[in-house]
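Below is one structure, written out as structure tokens; the observations come after it.
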Amino acid sequence: MFTVRPTSYGGRGCFATAPIAEGTVVHRAPAPFTSAVNRDFRKEVCAYCFHYDLGRTMKVRFPRASLWFCSDDCRANWVAHEDDVCRGLVSDVLERIDNAVAKARKTMQLGRGIAEPSAEYDVDYVPDDVILDGSPESADEIEQVWQTIAQRIEPAAPAASNPLKNPLLKVRLLALEEIEWDSARLVAVALVRKYLEEEEESTAAESRKLPDHFLWSKFYSLESHEVDLLARVPALLESHVRVFLFLLAVMPPALLPHVTIANVRAVVSREAANAFGIWQLPLSSESEFLGSAIFPSGSYFNHSCEPNVAKSRVGRSMHFTTTRDIAPDEELCISYGMMLDQPVDSRRETLKEQWYFDCGCVRCARELAEANSSNSSG
Ligand SMILES: C[S@@+](CC[C@H](N)C(=O)[O-])C[C@H]1O[C@@H](n2cnc3c(N)ncnc32)[C@H](O)[C@@H]1O
């Protein structure tokens, strides 16, 4: 129904290959490549269908990792389609992460190992001299920070050895802040997919189990916006380093070769440009923001301030439906946010600030031209 090819204004986009009638579902992304329900909502959002029941705690719990479900069916579906298909590694990594965070927090609350128990989640295991004071000015500065981290961990932590013996990690208290905890979960699941994809590459094609939407290679071909992201929120650089070091310390040995700086950066920088919000349904301006999910096959729709496709979450899947008839070769675009009622300048500001691009859509071009011509005639 559509093909992905370069646009003249913003990377690749989706173009109709034939006429498409209004109301046609042009794409269904069946499940996220990776996702994370925000820590505050973890007990209140079903980990499978993302149902949220106005703050009520979900009834069914997964025995080990911090996962809650709205029904036994959802738990069974999660086990079958998320965990079993990934050989139990998703629950394993989530359990390791949650246990490590819980242990660190308990230690800190007891005041052991820190002078100031009230510093609760602020204990830093990233050396002070590694992190920049201000915002990273360029890709080079970001590179330097990561290079310093790489130099310090390398001699003590070749992939196969135990990273806990690493002097940098040995003294650490694995305390993550809330958003880092969410981020660690999201990155860890992405690394599980990467590990499995590489493992499966060595097996016969017919015995491969990993569905297309779990392929790291598809995720990796998405756009990344690391420099823009860190220019806007400089503190995230330290967070990314913390998540990397944390995962190096807690991931199972088989996955350690994949816990590399390059892979962690690949995930966090692609998340910034491509994640879909998991919003409370039905969607309204009052909806709670429950978490983030990455659907690589749905990430090729560009934004337009005059969209012709609506995205909607249906349980764990994301659907893309035309909102009017589409002509062959027309680009299929969604709206990235709820800014369409704003005037052109503030819409463009929002898009630049939150999604890091100067909008090249037809409506912006038209309204900017109108504003220019009324300025010059006035
Ligand atoms: C989710 S991706 C969409 C697919 C992307 N074009 C690609 O090639 O991977 C979002 C990125 O696409 C580009 N983009 C999307 N809509 C745009 C628009 N209206 N104007 C300019 N760039 C846009 C921006 O670089 C944005 O960060």
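The values are calculated or read from the model by the stated rules, or taken from the named source; none is laboratory data. Quick caveat: nothing in here was measured; it's all calculated off a predicted structure. When we count neighbours, we look across all protein chains shown, and the Cβ atoms used for this are built from the backbone with ideal geometry, even at glycine. Heads up: the accessible areas ignore ligands, DNA and RNA and are worked out on the full protein's heavy atoms, side chains in. Shrake-Rupley method; radii C 1.70, N 1.55, O 1.52, S 1.80 Å.
Could you size up the charge dipole of the chain around its Cα centre, putting +1 on the beta carbon of Lys and Arg and -1 on that of Asp and Glu, and report it in debye to the nearest 20?
About 1220 debye.
Nearest 10 degrees is fine. How inclined is helix 362-377 to the longest principal axis of the chain, computing both from alpha carbons?
Orientation of helix 362-377: about 60 degrees from the principal axis.
What's the Kirkwood radius of the chain in Å, using all Cα pairs?
Working: mean 1/r = 0.0444 Å⁻¹.
When all Cα pairs of the chain are included, the Kirkwood radius is 22.5 Å.
In square angstrom, rounded to the nearest 10, how much accessible surface does Leu237 have for a 1.4 Å probe?
Roughly 10 Å² of Leu237 is accessible to a 1.4 Å probe.
Work out, in µm²/s and without decimals, the Stokes-Einstein translational diffusion coefficient of region 306-378 at 4 °C, 1.567 mPa s, Rh from Kirkwood over C-alpha pairs.
Estimated diffusion coefficient is 92 µm²/s.
As I understand it, the dipole of the chain uses +1 on the Cβ of Lys and Arg and -1 on the Cβ of Asp and Glu, about the Cα centre. Which of Ser217, Val362, Ser285 lies farthest toward its positive end?
Selected residue: Ser217.
What spacing in nm lies between the two simple spin-label points modelled at Tyr356 and Ser71, each 7 Å away from Cα in the Cβ direction?
The answer from the label model is 4.0 nm.
With every protein chain left in place, what is the accessible area of Thr148 in Å² (1.4 Å probe, nearest 10)?
That residue has around 40 Å² of solvent-accessible surface.
Within the chain, how many Lys pairs that are eight or more residues apart, or on different chains, come under 23 Å at the alpha-carbon?
The result is 12.
Choose one answer from Ala272, Ala150, Ala184: the residue with the largest mean-square fluctuation in a GNM of the chain with alpha-carbon springs under 10 Å.
Ala150
Relative contact order, percent, of the chain when contacts are C-alpha pairs under 8 Å separated by at least 6 residues?
Here the relative contact order equals 26 percent.
By accessible area of protein heavy atoms, probe 1.4 Å, what ranking do Lys209, Lys352 get, highest first?
The most accessible residue leads, giving Lys209, Lys352.
What number, rounded to the nearest 500 deg cm²/dmol, is the helix-based mean residue ellipticity at 222 nm of the chain, given -39500 (n - 2.57) per DSSP H run of at least four residues and division by all its residues? Can you show the working numbers first?
On the way: 11 runs with 141 residues, N = 378.
The per-residue figure over the chain is -12000 deg cm²/dmol.
Find which of Pro63, Ala235, Thr260 sits farthest along the positive direction of the dipole of the chain, computed with +1 on the beta-carbon of Lys and Arg, -1 on that of Asp and Glu, about the Cα centre.
Pro63
To the nearest 10 square angstrom, how much accessible area does Lys103 have with a 1.4 angstrom probe?
Using a 1.4 Å probe on the heavy atoms, I get roughly 150 Å².
Build a GNM of the chain with springs between Cα atoms under 10 Å: which of Glu223, Glu306, Glu44 gets the top mean-square fluctuation?
Comparing Glu223, Glu306, Glu44 in a Gaussian network model of the chain, the most mobile one is Glu306.
Taking every pair of Cα atoms in region 229-357, average 1/r, invert it to obtain the Kirkwood radius, and report Rg/Rh to two decimals.
1.03
Grab the alpha carbons of region 62-105, take their convex hull, and tell me the volume per residue in Å³.
55 Å³
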